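Report on the structure given below.
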Amino acid sequence: MNAELRANLVALNTIVYREIRRFMRIWPQTLLPPAITMVLYFVIFGRLIGQRIGEMDGFTYMEYIVPGLIMMSVITNAYSNVVSSFFGTKFHRSIEELLVSPVSPHVILTGFALGGIARGLAVAIIVTLLSMFFTQLQVHHIGVTVIVMVLTATIFAFGGFINAVYARNFDDISIVPTFILTPLTYLGGVFYSIHLLPDVWQTVSLANPILHMVNAFRYGILGVSDISIGTAIGFMAIAAVLLYLFCIRLLKSGRGMRQ
């Protein structure tokens, strides 16, 4: 192993360790709130409202919404971890030390992204365990479930990185989650099947990328979906690659790296 590769591996390990330690150290702020929020969703939507709605696609309403709620937690936590961490690095000007170091931009991006992915998956595991107190989950296709979860966390980790690069203050890092991610998530089939919508709105809904992620994950858990699984996974893989390349370009250009 040459010296350059060894140095990059040490840097990657350091960044990932720091990112994971960062959100684990403040777990009451990073892991506990999404767990409490999801329990409220289970109780209010699953138990109280779900009894009035009845079955959806052959499953109880609680069973139907659990995969969507797990994906919601993955999306929000993978995104928020990277955007807050990388912007904090910019704000404290420690990003300049990384940029002038011999560490590859690929290592920097991968380290921050893996931290976001780790938090997204950690919260997903917590939410999944909590859901078992309310319903029984039987995974239909473990391969699809894992692939979709990892790809989704990766996509939104890169999205959080891009938001952090362009953000100029702490208010900027909340604009995208508030005005883009939240509406797309609620309109992404988490709580309903798009077959309940008129034909026109079914077509419009297909333009929502989160719809494809939620339905692909729901297929992995329940075996039902409103869209083509192959198309959804292909879309996510392409999106992850394109976002990765764009993030690398931003790092190499140095654009938006200084406050």
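The values are calculated or read from the model by the stated rules, or taken from the named source; none is laboratory data. Everything numeric in this text was worked out from a predicted model, so none of it was measured. Neighbour counts run over all protein chains shown; Cβ positions are idealised from the backbone, glycine included. For accessibility, only protein heavy atoms count, side chains too; no ligands or nucleic acids. Shrake-Rupley method; radii C 1.70, N 1.55, O 1.52, S 1.80 Å.
The table that follows gives values for the structure above.
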read-out	value
Surface accessible to a 1.4 Å probe, HIS92 within the full protein complex, Å²	130 Å²
Magnitude of the charge dipole, the range 3-253, Cβ model with Lys/Arg +1 and Asp/Glu -1, debye to 20	680 debye
Estimated distance in nm for a label pair at ILE125 and LEU32, the labels positioned 7 Å out from Cα along Cα-to-Cβ	2.0 nm
Span from the the range 51-100 Cα centroid across to the the range 182-225 one, whole angstrom	17 Å
Computed FRET value (nearest 0.05) for TRP201 with ILE49, which takes r as the C-beta separation and R₀ as 25 Å	0.75
Accessible surface of the range 3-253, 1.4 Å probe, proportion on carbon and sulfur as whole %	68 percent
Along principal axes, Cα extents of the range 3-253, largest first, whole Å	59, 37, 35
Surface per residue (accessible, 1.4 Å probe) for the chain, Å²	49 Å²
Span-like helix ranges in the chain, DSSP H, alpha carbon extent 24 angstrom or more, Kyte mean at least 1.0	105-131, 142-166, 229-253
For the range 27-116, fraction of C-alpha pairs farther apart than 19 Å, in %	56 percent
Solvent-accessible surface (1.4 angstrom probe) belonging to ASP172, in square angstrom, nearest 10	40 Å²
Taking the range 3-253 and dividing mean pair separation by its residue count, relative contact order in percent (alpha carbons under 8 Å, at least six apart)	26 percent
In Å², nearest 10: area of ILE26 left accessible to a 1.4 Å probe	50 Å²
Cα-based convex hull volume of the range 149-259 per residue, rounded to whole Å³	106 Å³
